[in-house]
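Working notes for the structure below.
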Amino acid sequence: MFKTKKLVAVDIGSSAVKVVQLGGYPASTAIEKFAMAAIPVGSIENGIVVDASAIMTVLKTVVSKLGIKGRRAAISVSGSGVMLKKIKVSRTMDANFDEQILGEAAKSFQLDLSEMYFDYAEMGQSFGTTSDVDVLLLGARREVIEQYVSIVKGAGLEIGVMESGAISVANMFELNYGTVEGLIMIVSIGASHLQVGFVEHGRFLFSQEMPIGGDQYTTSIMQGMNLPREAAEALKIGISSNPAAVTPELTRMMAETSTLISNDIRQCISFFRSSPEGDDVGPLKYCFLTGGASRTVHLDSAIAAAIQVPVHFVNPFQKVEIKTKDLRLEQIGTISSMVSCAVGLGLRLKNDKVAV
Ligand SMILES: Nc1ncnc2c1ncn2[C@@H]1O[C@H](COP(=O)(O)OP(=O)(O)OP(=O)(O)O)[C@@H](O)[C@H]1O
Ligand SMILES: [Mg+2]
């Protein structure tokens, strides 16, 4: 069988950089290289890179440690400068496909296309038609993309493809759990933002982001208990595996953020329902959670109560073999939710087209 090597996945999050090299083929995917390294607090704010050189320094160290200099990378992009939109495009003989994509991109992003980088992926025939296909458009402001490109190149890697974080997470999900019947949502809650993706029978329909994440809990604990950042962060993470240690004071401090996050997720569902993509799909069957902050104590039950849908955690290693000493077995439980995006991104192949 013809084998194509996978790209090195680089997920630059606002709290840490994750780098994953996958090997193997769908039935036997394995992690061959792995690194995760914290980036200085404040290097990315509101999804915008404010200290590119600090991130580059961290990534450079990781690249040299893993011995992957010069390799091509798949990069995840997310945040306020990135937009994802599903459109319908006619595939009839007399319709120019590329022109339709350009026209739809100009309409969807409402920005001068010269200020944007955009890419698209065909997703198959549109429901109920024979001549239309669904196309997923990814658009991002050029300055946002250029920053990611300069960080990754500066750290010694070549650019392969860019992918929206919501798509990477959906691909990670399918790799591990296959196609789930009906409508599901996958919610990824990071340090500074959350991403919601809706998937119906394996078809990605819609995604939305909200600027809230785990940092907000840390800030509440810092302010409420007058603690330095590191101590507040350690306390927050410690109680996630020991709920008995949660004092009434901590519960009160953290409840406000859990309510905000749960309400934002509920709002994403309403928004999806009022969009053309969410109009004609059946009931929401499950909500799957991932992202580091999804592990916050009692957050899963707060979300389940707010949206009235069963909530489950995702294991990005469910069907992924660990074939590297970079990742020790005892680490897996604590870091798994933080690497979901990188695992999905690592599925991109070396012969996928170069997007930048
Ligand atoms: N066990 C845990 N309990 C609670 N919070 C946790 C736990 N582990 C990690 N976190 C939080 O998860 C966040 C990091 O998660 P993740 O790596 O998914 O975010 P990121 O990719 O850096 O951020 P973003 O995607 O928002 O830019 C931090 O806020 C961290 O405090
Ligand atoms: Mg992230």
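The values are calculated or read from the model by the stated rules, or taken from the named source; none is laboratory data. The model shown is predicted, which means the values in this text are computed figures rather than measured ones. Heads up, the Cβs are rebuilt from the backbone with ideal geometry, glycines too, and the neighbour counts pull from every protein chain shown.
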Could you please let me know if GLY333 is under 21 Å from ASN171 (Cα atoms), in a helix (DSSP H, G or I) and more than 16 Å from ligand 2 (Cβ to nearest atom)? yes
Does segment 65-79 hold any residues that are within 14 Å of LYS33 (Cβ to Cβ) and touching a helix residue (DSSP H, G or I) at 6+ places or on another chain (Cβ under 6 Å), and which are they? LYS69, ALA73, ALA74
When you look at ILE322, is it farther than 20 Å from VAL17 by Cα and away from ligand 1 (no atom under 14 Å from the Cβ), yes or no? no
When you go through (1) within 19 Å of SER76 (Cβ to Cβ); (2) not in a helix (DSSP H, G or I) one by one for GLN147, which number turns out not to apply? (2)
Can you go through THR290, THR259 and tell me which one is of a type in the set (Ser, Thr, Tyr), within 12 Å of TYR217 (Cα to Cα) and either surrounded by 20 or more Cβ atoms within 10 Å (Cβ to Cβ) or modelled with pLDDT of 95 or more (or both)? THR259
Considering only segment 292-317, how many residues are farther than 24 Å from MET123 by Cβ and not in a helix (DSSP H, G or I)? 11
Only helices (runs of 4 or more DSSP H) wholly contained in segment 163-260 count here; list those with 1 or more residues that are among the aromatic types (Phe, Trp, Tyr) and within 16 Å of ligand 2 (Cβ to nearest atom). 165-177, 215-225
Do we have any residue at all in segment 104-120 that's part of a strand (DSSP E or B) and surrounded by fewer than 16 Cβ atoms within 10 Å (Cβ to Cβ)? no
Tally, over segment 194-211, of residues that are crowded, with 19+ Cβ neighbours inside 10 Å and either over 16 Å from SER164 (Cβ atoms) or touching a Phe, Trp or Tyr at 6+ places or on another chain (Cβ under 9 Å) (or both): 10
Are there any strands (runs of 3 or more DSSP E) wholly within segment 1-94 with 3 or more residues that are away from ligand 2 (no atom under 16 Å from the Cβ) and without any contact (Cβ under 8 Å) to a residue 60 or more places away in the chain, and if so which? 82-90
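Conditions (1) surrounded by fewer than 16 Cβ atoms within 10 Å (Cβ to Cβ); (2) in contact (Cβ under 8 Å) with a residue 12 or more places away in the chain; (3) within 16 Å of ligand 1 (Cβ to nearest atom), marked per residue:
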position	(1), (2), (3)
VAL309	no, yes, no
PHE313	yes, yes, yes
ALA342	no, yes, yes
LEU347	no, yes, no
LYS350	yes, yes, no
In segment 42-57, which residue that is among the aliphatic types (A, V, I, L, M) and modelled with pLDDT under 95 is farthest from ligand 1 (Cβ to nearest atom)? VAL50
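For every residue, the table says whether it meets (1) under 16 Å from PRO316 (Cβ atoms); (2) over 18 Å from the mean Cα position of the chain (by Cα).
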position	(1), (2)
LYS5	no, yes
SER14	no, no
VAL19	yes, no
LEU22	yes, no
ALA37	no, no
PRO40	no, yes
VAL49	no, no
THR61	no, yes
ILE68	no, yes
Test THR247 against the criterion of being more than 11 Å from ligand 1 (Cβ to nearest atom), surrounded by fewer than 21 Cβ atoms within 10 Å (Cβ to Cβ) and in contact (Cβ under 8 Å) with a residue 24 or more places away in the chain, and give yes or no. no
